Amino acid sequence: AGIRAMQALFPNVPQVAVFDTAYHQTLPERAYRYALPERCYSDWGVRRYGFHGTSHYFMAHEAARLLDKTPATTSIISAHLGNGCSITAIQNGLSVDTSMGLTPLEGLVMGTRSGDVDPGLFDYLASRGMSASDVHEMLNKESGLQGLSGQTNDMRTLCELADHGHEPSQLAIDVFCFRLARYIGAMTASLTKLDALVFTGGIGENSARIRQDTARHLRLLGIELDPDLNEHHGRWSDGRISSPDSRYPALVIPTNEELVIAREAARLAAAGTEHFEE
Ligand code: AMP
């Protein structure tokens with residue numbers, strides 16, 4: 001609808017659509033296939049597509065720059081933590097595993113989305129009288145931080161509530177950080193080396209507390225944050241928030257999806273107008 005409306009208003013302006021799934025086209029089949037009957041994949045395209053690709057792509061390039069390397073030789077775990085949250089394993093610049101799936105509901109705990117749940121939940125809730133659309137609504141709009149805290153999907157407010165002794169808000173933070181740490185561990189299975197763990201998104205860029213609470217679960221991986229650098233969101237240290245003893249560097253990188261979209265549009269436009277003359 002957006003494309004048609006713009007075509008009507010500006011018939012001669014080329015339009016570029018940059019898909020958030022595109023960066024994840026390099027996932028190997030073992031990472032994008034679900035353990036479902038083959039026909040689900042071949043007849044209906046049921047597979048893991050991944051999202052936030054524009055942001056994870058930016059992380060791959062920006063981390064390489066900060067580490068004084070090239071994207072093609074840089075491997076990172078990129079955690080995009082905003083209202084939506086996803087984590088991607090990037091091996092030598094390419095996405096090789098990611099937490100969002102067929103839809104952006106899978107994976108981490110998010111503002112109002114549940115992330116992973118037991119698929120057995122669906123028929124259990126049906127037995128309690130919930131329809132498919134009720135369940136969809138609940139998992140997408142009433143779950144995650146909002147559902148656990150019963151108060152808000154806003155991490156800043158949750159941290160304040162938790163500091164004032166509101167236990168459900170503290171629980172929401174605990175579940176969020178624990179799930180994130182589990183996924184960071186899981187992503188190491190897709191990498192043969194790790195140059196940095198990278199945080200981005202509204203929460204990833206601004207919440208020293210969430211990064212620290214998550215890193216507490218990662219001692220076995222040898223990730224240790226420097227409290228001072230973390231508190232300043234890496235702004236005075238080229239993004240670095242890890243201590244010198246950390247086995248792997250941890251970085252904070254403000255994402256810039258708009259810049260990636262603008263560059264992709266410019267690249268297509270520079271390639272000539274023939275693409276646009278259908
Ligand atoms: P985004 O979708 O990337 O804009 O991120 C939105 C999320 O970032 C919301 O949950 C905000 O509460 C959270 N956020 C922004 N600033 C902070 C902060 N200083 N501390 C904790 N969470 C923050």
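Annotations
- Qualifying residue in region 263-272 (condition: modelled with pLDDT under 95 and in a loop (DSSP other than H, G, I, E, B)): yes
- Residue among GLY50, GLY111 that alone is touching a strand residue (DSSP E or B) at 6+ places or on another chain (Cβ under 7 Å), free of Cβ contacts under 8 Å to residues at least 60 places away in the same chain and part of a loop (DSSP other than H, G, I, E, B): GLY50
- Considering (1) within 15 Å of the ligand (Cβ to nearest atom); (2) part of a loop (DSSP other than H, G, I, E, B); (3) under 30 Å from THR192 (Cβ atoms); (4) not β-branched (Val, Ile, Thr), the lone condition that HIS80 does not fulfil carries the number (2).
- Only a single criterion out of (1) within 16 Å of the ligand (Cβ to nearest atom); (2) assigned to a loop (DSSP other than H, G, I, E, B); (3) free of Cβ contacts under 8 Å to residues at least 24 places away in the same chain; (4) not hydroxyl-bearing (Ser, Thr, Tyr) is not satisfied by TRP236, namely (1).
- Put simply, of ILE210, ILE241 the only residue that is touching a Leu at 6+ places or on another chain (Cβ under 6 Å), modelled with pLDDT of 95 or more and surrounded by 19 or more Cβ atoms within 10 Å (Cβ to Cβ) is ILE241.
- Residue in region 96-105 that is surrounded by fewer than 24 Cβ atoms within 10 Å (Cβ to Cβ) and either among the acidic types (Asp, Glu) or in contact with a Leu (Cβ under 7 Å, 6 or more places away or on another chain) (or both) present: yes
- Criterion: within 16 Å of the ligand (Cβ to nearest atom) and either in contact with a strand residue (DSSP E or B) (Cβ under 9 Å, 6 or more places away or on another chain) or at pLDDT 95 or above (or both) - qualifying residue of SER131, SER127, SER95, SER86: SER86
The values are calculated or read from the model by the stated rules, or taken from the named source; none is laboratory data. Only a predicted model underlies this, so the values are computations on that prediction, with no experimental measurement involved. All Cβ positions, even for glycine, are placed from backbone atoms using ideal geometry, and neighbour counts span all protein chains on display.
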